[in-house]
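Okay, structure first, notes after.
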Amino acid sequence: MAKASLVELEETTPAADDSTIRITPPDRGCALPKERKVIRLTESQIKYLTEKFGEGVQQTIRWKPEEESAEMQRKRFEE
């Protein structure tokens, strides 16, 4: 029953004197979010973040994620 109520879109070739603008439907799921891969943290990353969290709790510091991410990358290149 639901299929009968859907409007089917046709792709047609316009005539030379046809000034109507025709829009073709998108392929599939253009509004859907793109798939993201799940990446697990390594043991050293978990340890670093746990230590930073502990420091923040003790000193009541709110770390900025961008800065901590950059710091983690610098430490990775140093090793």
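Rule-based calculations on the coordinates, nothing more; no lab input. Only a predicted model underlies this, so the values are computations on that prediction, with no experimental measurement involved. Please note: Cβ atoms are built from the backbone with ideal geometry, for glycine as well, and neighbour counts cover all protein chains shown.
Couple of notes before you dig in:
- Under 22 Å from LYS75, Cα to Cα: lysines that are on another chain or at least 8 residues apart: LYS47, LYS52, LYS64
- Chymotrypsin sites (Phe, Trp or Tyr not before Pro) restricted to DSSP loop in region 31-69 with at most 14 other C-beta within 10 Å: TRP63
- Vicinal HN-Hα couplings computed from phi for region 52-67 (Karplus, 6.51 cos²θ - 1.76 cosθ + 1.60; Hz; Gly/Pro x): 5, 4, x, 4, x, 5, 5, 9, 6, 10, 9, 6, 8, x, 5, 5
- For GLU78 and ARG22, the difference between the fully extended length at 0.36 nm per residue and the C-alpha to C-alpha distance is 14.4 nm.
- Estimated distance in nm for a label pair at ALA70 and GLU35, the labels positioned 7 Å out from Cα along Cα-to-Cβ: 3.4 nm
- Trypsin sites (Lys or Arg not before Pro) within region 37-79, DSSP loop, no more than 11 other Cβ atoms inside 10 Å: LYS37, ARG40, ARG62
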